[in-house]
Each structure stands twice: as C-alpha cells, then as structure tokens.
2 protein chains.
Amino acid sequence: MTLYLVGLGLYDAKDITLRGLEAVKSCDTIYLEHYTSILAQDKESLEKLYEKEVQIASRDMVEKEAEEKLILPAKEKNVALLIVGDVFGATTHTDLLVRAKEAGVNVEVIFNASILNAIGIVGLELYKYGKTTSIVFPDDNWLPETPYEVIKNNKSLGLHTLCLLDIKVAEPTKEDLIRQARGEQVTAAPPRYMTVNQGLAVLKQIEEKRQDGIITDDMQVIGVARLGQPDYVIKSGTLKEILEFDFGSPLHCLIIPGKLHHIEEEALL
Amino acid sequence: MTLYLVGLGLYDAKDITLRGLEAVKSCDTIYLEHYTSILAQDKESLEKLYEKEVQIASRDMVEKEAEEKLILPAKEKNVALLIVGDVFGATTHTDLLVRAKEAGVNVEVIFNASILNAIGIVGLELYKYGKTTSIVFPDDNWLPETPYEVIKNNKSLGLHTLCLLDIKVAEPTKEDLIRQARGEQVTAAPPRYMTVNQGLAVLKQIEEKRQDGIITDDMQVIGVARLGQPDYVIKSGTLKEILEFDFGSPLHCLIIPGKLHHIEEEALL
C-alpha cells in the first residue's frame, strides 16, 4: 500500500504523466490539493479522465489532518494526493513525506514540471538563475524587502532572478466566522493574484525606500503570464514599458535578468 | 504543422505526459536526442509505447543539422524531438526554439520534470538554492574552480548549492578518425559518469589550492543517485563519510547545503 504524491504539471488534466495516471487509477482515495490552483485542473475534468472520484483537500487539511486523512489510510490502501505543478513547490509536501516515512508508510513521488524549470522557455539559461524570490502584496504597515535583497545579491553575481508573485486567498473575517457559526452560508472573497505590473510597482516602492539603485525605470525586465498554458505570454522590455503592458489573466511571474549572454539576448528579441 | 519539443522526464517511457504522448502520436518524424541519456528510455521501449518509429539524433545533429532535419520538415508535417528530463536543461534547445520561430515554424513545448525541481525530494527548500553549478573531470593541466566559487557565494548568502556531475562522452581519437576514414569499424569508449565520491574529491582538490576553508572534511554534504528512478538513493553525512559511501550506478549529483532550517534538518535524518 502506498501514498502517492503526484505532480499534475502546469496546465490541464493531460499534463499528468503515464506513471502518474497509472498510480492514480490504482488508488482507493484521491485528494486534489486545492490551494493556489486556478488551472484547468478542476475536480470534474480529473474525475472524467481517471474514472474515479476525486475529493478536494484544502492546504489546511494537508497540513493539519495529514495523519488521519493521508498517512494512516495509506497503510491499508493506495491513497493519492494530487498537487498542481510539481510536488515539492511547497514545504508542506516535504513535511508530509518525512512524516509518512516515519510512520512506516511507503511513499512514491511522481514528479512533474514546475515553474522552476519551465521558465527555461523564456530563453535565459536555467543555470544562471540565482535564488528565487516571492513578491507579496504590501499593506499600509508592511512592505517586505526580501525580493529587493535577493535581486541585489543575484545581480552582484551576474545572475537572473525569478520573482514569483503573490496569491492572496481571502481569509474569512471575524464577522464571517460568526455568521458561519450560526450556520449561515458565507461566500469567501475571490483570491487575488498579483500581476506583473503590481509586482514591478512593489519593487519600485522598495527602491524608493532603499535607494540602492537596483530597480530603475530603464532596466530590462521580463514579464511572463500563464506559463505552460497554450496562451502563455512572455514580454521583455524596460521596466517602464512592461509596467504598462497588459498580460491578461493569472498566473504571472517576473524575471529580473542579471548579465545576459548574447544567445540569451537574442532569445529575448 | 508543428515542431514538438517533448520532455520525457527522469526515468522510463512512462514518464511522458498524456499531452506529450498525444503530440508524439501525431508526428510523422520522431527524433530521440541521445546524448547524456543512460535512462531506461531506449529507442525500443519508446517505439513500443508510441507505436511509431523513433530515430536517434546525436546532440551534434540537433546543433548542426537542425534546419534540415527539424525546422524545415516541421513546415510540412509534425516533427517531435524527444529530450530526456525537461526541454530546457540545455542551451541548444533554447537556440532551436528561437531559430524555429524565426523560420515561422509553429513550436510547442511539452514540459516535464527535471533534476532542478525533482531535487526537492531531498527535503531542502527549492527556494533556498542559489545558482546551480557543474563539477567536471579535471585533467593534469585543467582544474576549473567555478564550482568552488559558486559554493562560496551561495554559502555566504546561506543558500544551498546543487552540483551536477560531469558526463564525459568519449571523443574519437585521431587514430580512430583515421581508421574510420579507411572504412574500419571503430567502437567508441563508453562514457564516464562522475560519482559523488569523485565530485567531492575534486572539490577537496580545489580547496587545497584555494585554501578559503569552504570545503572541509566535517562539513555536511548530501549525495544523490538515480533521482526519479525507483532505486534512488539520498545520503547525507560529513564529507568524510560520504566520500566513502558507494552510491551505485549513475547518474549522481551532490548538494552542499547552506544554512539549514530545522524542518530541513529533520528531513535529512
């Protein structure tokens, strides 16, 4: 009996591997981790392909009820946790793997593409990226400067920086919780996805504060939208130009190039 | 008509995605890039799965005859280039993508897992890796110090370093070429794959020269073998311990950790 951690890839149901599909079809219980997924990998299309029932698992469940819902059941039967992209995009899944192994459960990981390798399509060498960073939505009291620091360090070494952009899943307000406790239906606010434009605006905001000259209007940046999907967009230009460009629907991400090789420059044209 | 660049994933024929399989089955001409592949993705097993003929393409062909063999034919019919791992592990494929687009050919990339994301299974956070480096076989006159430099920079930022290990495909000697010109059969020497132990020995050799105290016998290192295969091995310990450990058959890689989070430490136990 096995706990399968299955990466689903970047777009729709057809991005699973044959190995993954075989594993899922052998499972009695199948969970789809529903957290940041806005992809075409909805429960219905997966169920149709697998000819099996798929249950939605919140990230909260994967973190807090792993023992009861995933690890212990995998001692008796095959259980799959389906994860959009690749399995190890989130620390949660490493933690799950460690705990399952400690509990003596057989775990099999089915790898798939993630943004960390698919970003290669942009044309910059994957081995010339430094640390990856995340830009988060700031609020009135909070403007995390980590991405600025990471870009600065990477640039000083001539390396490119991949900036992942924030996804804000609305948390229920206190009022929502009270209404929920009363048994009323509460509709959660839709999640917010940071755009390339918003990401650049945040970087400019940090630059204003830090004044190290790392982020300038005429520096070259690359915006990417819907990587792995048929209508993906890659657009390179000066920060000023890209700040105005409409990349369409999410997910977006952003690259701040380091030193460009001439083949890389050509690929960006 | 389309040129498909199809990632095959890390182990055998079943690691292709459903999207990839569908694409390949629609192709009139299918090339398998045979370069560093020592995986179970041999021509025969792929042909059996695809029910199509697969031709072997040397890296040399992909670089020098791309126009004639891949780009121009893709104007008339569907052509696939199958690539072990993910598509953008090598600059060659970026170059191919750029040239095909310039020639007005429709290109579709089918992503898959690569070592860059699958390494997440080790338990270190993917977002805490700095630049990736490669350790190559030194010879009497040549000991490239780049990996040492990369590890030093990454460590100074608290970041982990993934070290890819050299694969030496034997080049024909002058004598071989003469014999070949005479029409004699020349058997190429088998390729050499650097082991974790050899990789560590090279790092120690560079340390002896540089003396910056970056590589020490009691530092923690992680050796990885056959990532993505059923019999994969991950072993962490001091450099001295790992230097003696037998990881078995290739491919191997090596991680020099930066600052470890307690969850990461736990995952390595």
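The values are calculated or read from the model by the stated rules, or taken from the named source; none is laboratory data. Source: prediction; values computed, not measured. For neighbour counting, all protein chains shown are included, and Cβ atoms are generated from backbone atoms with ideal geometry for every residue, glycine included.
Worth pointing out:
- Taken together, B:Gln211, B:Gln220 contain a single residue that is over 28 Å from B:Gln41 (Cβ atoms), more than 14 Å from chain A (Cβ to nearest Cβ) and in contact with a Gly (Cβ under 8 Å, 6 or more places away or on another chain), which is B:Gln220.
- Scoring A:Pro250 on the criteria (1) in a loop (DSSP other than H, G, I, E, B); (2) more than 18 Å from the chain's Cα centre (by Cα) leaves a single failure, condition (2).
- The test for being in contact with a strand residue (DSSP E or B) (Cβ under 6 Å, 6 or more places away or on another chain) and not in a loop (DSSP other than H, G, I, E, B) holds for A:Ile222.
- Output for segment B:67-88, where each listed residue is within 14 Å of another protein chain (Cβ to nearest Cβ) and of a type in the set (Gly, Ala, Ser): B:Gly85
- Residue that is surrounded by the most Cβ atoms within 10 Å (Cβ to Cβ) [pool: residues in segment A:49-89 that are of a type in the set (Gly, Ala, Ser) and in contact with a Ser or Thr (Cβ under 9 Å, 6 or more places away or on another chain)]: A:Ala80
- Residues of segment A:44-86 classified as closer than 16 Å to A:Ile110 by Cβ and not in a helix (DSSP H, G or I), total: 11
- In segment B:124-169, the qualifying residues are those that are surrounded by 18 or more Cβ atoms within 10 Å (Cβ to Cβ) and of a type in the set (S, T, N, Q), and the one that is farthest from B:Glu207 (Cα to Cα) is B:Thr132.
- Residue count for segment B:190-222, restricted to those that are loosely packed, with under 13 Cβ neighbours inside 10 Å and either at pLDDT below 95 or within 13 Å of B:Ile135 (Cα to Cα) (or both): 1
- Checklist (1) away from chain A (no Cβ under 14 Å); (2) more than 24 Å from B:Ala103 (Cβ to Cβ); (3) not charged (D, E, K, R) applied to B:Leu8, failing item: (1)
- Residue in segment A:16-30 that is farthest from the other protein chains (Cβ to nearest Cβ), counting only those that are more than 17 Å from B:Glu22 (Cβ to Cβ) and in a loop (DSSP other than H, G, I, E, B): A:Asp28
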